[in-house]
Structure formats: C-alpha cells, structure tokens
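What follows is a single structure, and I will ask about it in a moment.
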Amino acid sequence: MGSGAIVEEQGPTVSSFLEYRGRFSGIFGWIFSTDHKRIGILYLFSLMTFFIVGVGIGVLMRLEHLTTGQTIMDPQTYNSFFTLHGVIMIFLFIIPGIPAAFGNFIMPIQIGAEDVAFPRINLFSWYLYISGAILALVTLFIGGVADTGWTFYAPYSIRTNTNVSLTLMAAFLLGFSSILTGLNFITTIHRLRAPRMGWFNMPLFVWALYATAWIQVLATPIIGITAVLVILERLLGIGIFDPMKGGDPILFQHLFWIYSHPAVYIMILPAMGVISEVIPTFARRTIFGYKFIAYSSIAIAGVGSLVWGHHMYVSGQSYTANVVFSLLTFLVAIPSAIKVFNWVSTLYKGSIDLSAPMLYALAFIFLFSIGGLTGVMLGALAVNVHVHDTYFVVAHFHYVMFGGTGFGFFAALHYWLPKMTGKMYDEKIAKIAWLLMVVGFNGFYFPMLLLGYQGMPRRYYDHLPQFHDGHVIATVGSWILVAGVFLMFWNLARALFKGKRTSRNPWGGTTLEWQVPSPPPLLNFVHEPEIRKDPYGHTGNDGH
Amino acid sequence: MTHDHGEEHHLVSYGTYIMVWLALLAFTGLTVTVAGFNLRQVSVFVALLVATCKTFLVLNYFMHLKYEQSIFKIMIFVTVSILAVFIVLTFFDVSFR
C-alpha cells in the first residue's frame, strides 16, 4: 500500500492512519492494530483473496459444462467444488463483505466517532474469521472436501464420508466472527454517535449496517448451534436429524434456514446502504424518501427473518406452512421495492454523473431488480415447485447476491477506495471493466434462468443435449465476466502503487467521511466534527 | 452494599428462595406427570408452557431480573419473544402435516 504520505489539505497538516507508526511495524502493524480502518483493510484484502478463489472454482465448474459428458472433472470433484464454492463465497466473502470491510472503515467516520466501541473485539473477530477460513481450507487436505453443498442438508450430511464436521466447525467460527462484528456495530451506533447526531441524522449506510447487525446478532447463533448438532450427530449418533433414529430432517432445514435466509439480508442490506450513498452523490440530489429507506432496512431485517420456510416448499412441510411462508415472502418484497423506487426517484431530474461508482450502482439496481422479481416468482408456490432445485434458483440468487451485493461491493470499492488510500484509479479502465462485467454477467446468468425454467437441475456435473446451447453461452459469459473482474482488480491494485493522489472529496460527497483527509488521520477527526441536521448536508470543511 | 453507580442490591430472603425452589420442583413433577398422559399434539405445548414458567421463576428470582432496571427486562422480553416466534413458526406445521 504505497500511500503513507503526510496529508496536506485544507486545515492543519496531519499524518494519515497509513503513516502512523505505533508499537509494531510492517505486517505486525496491521495484524496487531485495533484501528478500525486498518482492520477494515485487513478484512478487505482477506475477503477479496477468498473471492478470487471462489471465482476460480466457479469458472472451473462452468468449464465442466462446456461439453456434454465429463469435460475436466469427475462427478465427485464437481460435488466438492460446488460445496467449496458456496462455503467460500457465502461464509468467507459475501457475509463479512461490505460490513466487515467498508462498515469497519467508513461507518465510525460517518457517525463522527474515533473508532468502534470495542476495538480489541473488532480485531479478535478478524482472527476468528481467519481461523475459520484456515479450517475450511484444511478440509482440502484432510478427509476430503464436503460434498453436501453449502446447505449441509441432513440426513446426507450425517452419512457422507467427506469431512463435513471440520467444514461445519469452520462455519461455527465464522459465525462467531460475524456476531462480534454485529455486536460491535450495534454498540457503536448506539453509543458513539457524535454529539447532536440523532438517529435521523445518520447516513443511510449506517442505517443499513444497523439493521444488518441485529440480524447478525440474533440469527447467527442458530446456525452455530445447528452446526454443533450435526457434528454431535455424526460423532455420537444422537438422532436429532436422522430419521433412522427417530430424528427429523425437516427440523434441520428449519434450523438451517432460520439463519440462512436472514443471512441473505445480511448480504444484501449493506449493499443497499452503499447504493443509498452513491446514488445521491452522483445524481447531485438529496436522497428521495430518506426515512422510508431507513425504515425499510429495519422492515427487511424484521420480515426477512420470518420467511425461511420458502426454501422448504417441497421438503415435506405442511401445505398450511407453505401458504403462510409464501404470504410472508410476498410481504418482504415491499420494503425492497420501496428502496428501488426511492433510488430511481432520486435519479429523476438529477444531474447524473456517470463515474465508475455510479455505473456499478446503476448496474446494481438493474441486476437486483431481476433477482428480486425472480425471487417473487419463486415465492409463489406453483412456480417454486416447478423450478425447485433448478438453474432458475441458481440464476436468481446469483442475480441478487452477485448482481446485487457483488456489484454493490464493487460500487463501494470504487467510491471509497480513494478515501481509504488517497489514490485514484484509472476511470476509463474502471468503466471498461464495468462494461465487461455487466455483459459477461448477463451472458452467464440469463441463459441459466431459461435453462432452469426448461428443467436443467442444479448440482449436476453433466447436462442433457437439449440444454447444451444454453450451457455454452453461459460458459462464454463466465469468461467475459472473469475478464472484467480481473481487469477491475488490476486497475485498483495499480492505483495503490501508481494512482494519482486524490483530494479530500473527489466526488463531491456530502457525508462526514468526505470532510476528513484522504486517507483519514489515525483518530479520523482533527477537531470534533460539526453535525448538520441533514445527514447529506456536510459540504463544508467540518472535519478540520 | 452499593455499586459504583450507587445502585442498591436487593436482598432476597431465604424463604423466597426456598419457595421458588419448591415451585420449581412442583413444576418438574408436573412435567413428568403430564408426560405420562397421551396428550398427542398438545404434549409439546404443555411441556414448553411448564418450562416457560420455570424459566420465568429462575430469571426473576435466582437471576434477580425482578429487581433490575426495565431496560434489562425489555431486552430479555424481546429476545424471548423472538425465540417464541421462531419456535411457533418452526413447529406449527407439525400439526398440519
């Protein structure tokens, strides 16, 4: 990270947090630092590393479908690959993703705080994350990679000879990391807001993180306990989920999805928070419907915690339960739609600047809308039974998780990286990468929607000849997408070393983080920031 | 005895503790007795109801929640309510299968 320069901007000269030398130096200055900004960057680099590994596995799986029959791997390897891809992408990238990296770095500055409430616990949660990651990767070498899929459904997860226990132990540790981050954020937002910053003076990114943190704290323990129960079932055969011993495999699905559906909102809510920051900055307008967006975050967290049964329509649960969960699922579409309508209304008559962060944000709205609407389709009982466990479901959640959260993450990278590092990337290359990714993404996943609707099942290493053309198009799409992803990362990495120095506020942002130097000083603010009533009204030189 | 914040610790008499202990024993006896009847679908509900009453006693008297500030009571109430919602939504479907 090449930017350690003394920041000379309007106001007094201050050292940036990158320049600050504490008790430790070098790598130890990072892994022993309790500074929220350094921990945010630790997370950012860690989870981007795992993202690249997950992308690699995904591309290899897609390559397997370039021809019918075995192309590059056998069925068992394919089973392990989709499990590993799911575990890495969900537990190691997308769940910690935006909160752990950008939430850690940006949120305390946005509320006028010097750090999070529990800096040591913050660092400890990163260590738990890394421990969980190492444990997950150890399964590559010990006992064989789990072949259950990331859902670990019983009774198969109890009977398979692959190393399910170790993978679940990894998920357990990663869950602990997530809970601690959530706890830290709730406390920080409640207790460390700057004087005069009320709840409705907070930026919407903070609201989104707050709603997310409650889900992390309340829902994550359930997956932790469920993981332990499966491990105990495998080791001691106690018969909680195994029907041969009087257990109930549907109970496993309930317990798994009680966490894992709200986890989808842990993934998407922070991305929605990012979009709520980027859109008004680049449309040069006040956000439309601030309170509705803030409340809708809470509504998504609340209602979204009650819809898990829609993953279980064909599990054997009762028709009554199916109807109840279907109704609840339709309800959760309302707050999501409120956000989309408010973003689009913000754009209306705005003076739109199509810089890279804005392009990623606009792609988010487009791709998330497709993901959201196919989600509503899947909430309908009849459609769900027809397309259950097909590529339609896979394409739907990739539209939400990658098209939504992934592009939200990339929007955040392009929006806040100049703030974090003080360096600016090449805007033209960023736009080319964006175009490649949008084209590649739709070339990849749209054929999968159609293939699924036609009956292509998920998790099969081979396909019937009638699905072949769709598979070839999707595979080519994956190459374009990956080219875009690598071009984007190369452009950003290059900016760290060769990027031009950027100013305090390159985008004309109106939240507090744009009022402090880029990169920020150790304790974020030189003077106590002056809090404006309008959360998007900080246009002066408040941080100095 | 006072806390740093000047907050007083409430002293609970041994008599109260013994009464609560006896009540817990009685509830345990009730659980065991009811388990002998064939109440079908209601049996789990009854067992949970008795367990909830026992939890209420333990929280209030042994863990002193009764004498704490209302913020702690609210936090426990919200958490237990969420747990109750999860349990109801998980198990109601068993009656309709």
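In segment A:31-75, what count of residues is obtained for those that are open to solvent by 50 Å² or more (accessible area, probe 1.4 Å) and in a helix (DSSP H, G or I)?
6
When you go through A:F341, A:F368, A:F364 one by one, which is the residue that is surrounded by fewer than 21 Cβ atoms within 10 Å (Cβ to Cβ) and part of a helix (DSSP H, G or I)?
A:F341
Please work out if A:S355 is within 14 Å of chain B (Cβ to nearest Cβ) and either open to solvent by less than 50 Å² (accessible area, probe 1.4 Å) or at pLDDT below 95 (or both).
Taking the combined requirement at face value, the residue does not satisfy it.
Consider B:I71 against the criteria (1) at negative phi; (2) out of contact with any Cys (no Cβ under 7 Å at 6 or more places or on another chain); (3) more than 14 Å from every other protein chain (Cβ to nearest Cβ): it satisfies all of them except one. Which criterion is unmet?
Condition not satisfied by B:I71: (3).
Can A:S15 be described as of a type in the set (S, T, Y), at pLDDT below 95 and assigned to a loop (DSSP other than H, G, I, E, B)?
In short, no.
Identify, please: which residue in segment A:460-480 is part of a loop (DSSP other than H, G, I, E, B) and open to solvent by less than 90 Å² (accessible area, probe 1.4 Å) and is, among those, farthest from A:L63 (Cα to Cα)?
Out of the qualifying residues, it is A:H463.
If you check B:L49, B:L11, which single one turns out to be more than 14 Å from chain A (Cβ to nearest Cβ), open to solvent by 70 Å² or more (accessible area, probe 1.4 Å) and closer than 30 Å to A:F325 by Cβ?
Going through B:L49, B:L11 in turn, just one is more than 14 Å from chain A (Cβ to nearest Cβ), open to solvent by 70 Å² or more (accessible area, probe 1.4 Å) and closer than 30 Å to A:F325 by Cβ: B:L49.
Here are the criteria: (1) away from chain B (no Cβ under 13 Å); (2) within 30 Å of A:K291 (Cβ to Cβ). Tell me which single one A:R234 does not satisfy.
Of everything listed in (1) away from chain B (no Cβ under 13 Å); (2) within 30 Å of A:K291 (Cβ to Cβ), A:R234 misses just condition (2).
Tell me, yes or no, whether segment A:279-286 has at least one residue that is of a type in the set (G, A, S) and part of a helix (DSSP H, G or I).
For segment A:279-286, residues of a type in the set (G, A, S) and part of a helix (DSSP H, G or I): present.
Still on this structure: Please verify whether A:S345 is of a type in the set (S, T, N, Q) and within 12 Å of chain B (Cβ to nearest Cβ), treating the condition exactly as stated.
no
If B:M75 meets every condition in (1) assigned to a helix (DSSP H, G or I); (2) open to solvent by less than 80 Å² (accessible area, probe 1.4 Å) apart from one, which number is that one?
Condition not satisfied by B:M75: (2).
Still on this model: Name, by its number, the condition in (1) under 16 Å from the mean Cα position of the chain (by Cα); (2) open to solvent by less than 20 Å² (accessible area, probe 1.4 Å) that does not hold for A:G132.
Failed condition: (1).
Moving on to the next point. Please specify each residue of segment A:159-174 satisfying the condition of being open to solvent by 20 Å² or more (accessible area, probe 1.4 Å) and under 18 Å from A:S260 (Cβ atoms).
A:M169, A:F172, A:L173
If you don't mind, there's one more thing I want to ask. Given (1) of a type in the set (K, R); (2) open to solvent by less than 70 Å² (accessible area, probe 1.4 Å); (3) modelled with pLDDT under 95, where does A:R21 come up short, assuming only one miss?
So A:R21 meets the others, but not (2).
Hey, any hits in segment A:518-530 for a residue that's out of contact with any Asp or Glu (no Cβ under 7 Å at 6 or more places or on another chain), open to solvent by 30 Å² or more (accessible area, probe 1.4 Å) and either of a type in the set (V, I, T) or modelled with pLDDT of 95 or more (or both)?
yes
Could you grab me the full set of residues in segment A:221-232 that are touching a Gly at 6+ places or on another chain (Cβ under 8 Å) and surrounded by fewer than 23 Cβ atoms within 10 Å (Cβ to Cβ)?
Passing the criteria: A:P221, A:G224.
Quick one: in segment A:308-333, of everything that is among the β-branched types (V, I, T) and surrounded by fewer than 21 Cβ atoms within 10 Å (Cβ to Cβ), which residue is farthest from the other protein chains (Cβ to nearest Cβ)?
A:V314
Looking at A:V116, is it open to solvent by less than 20 Å² (accessible area, probe 1.4 Å), part of a loop (DSSP other than H, G, I, E, B) and touching a residue at least 40 places away in the same chain (Cβ under 8 Å)?
yes
Yes/no matrix, rows are residues, columns are (1) outside any loop (DSSP other than H, G, I, E, B); (2) among the aliphatic types (A, V, I, L, M); (3) in contact with a Cys (Cβ under 7 Å, 6 or more places away or on another chain); (4) within 14 Å of chain B (Cβ to nearest Cβ):
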| position | (1), (2), (3), (4) |
| --- | --- |
| A:W214 | yes, no, no, yes |
| A:V228 | yes, yes, no, no |
| A:F241 | no, no, no, yes |
| A:L251 | yes, yes, no, yes |
| A:Y259 | yes, no, no, yes |
| A:Y265 | yes, no, no, no |
| A:L269 | yes, yes, no, no |
| A:K291 | yes, no, no, no |
| A:Y295 | yes, no, no, no |
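In the list A:L255, A:L251, A:L192, which residue meets the criterion of being under 28 Å from A:P119 (Cα atoms) and open to solvent by 10 Å² or more (accessible area, probe 1.4 Å)?
When all the criteria are applied, what remains is A:L192.
The values are calculated or read from the model by the stated rules, or taken from the named source; none is laboratory data. Bear in mind that the values here come from a model prediction, so they are computed numbers and not experimental data. We place every Cβ from the backbone using ideal geometry, glycine too, and count neighbours over all the protein chains shown. Surface areas here come from the heavy atoms of the whole protein model, side chains and all, with no ligands, DNA or RNA. Shrake-Rupley method; radii C 1.70, N 1.55, O 1.52, S 1.80 Å.
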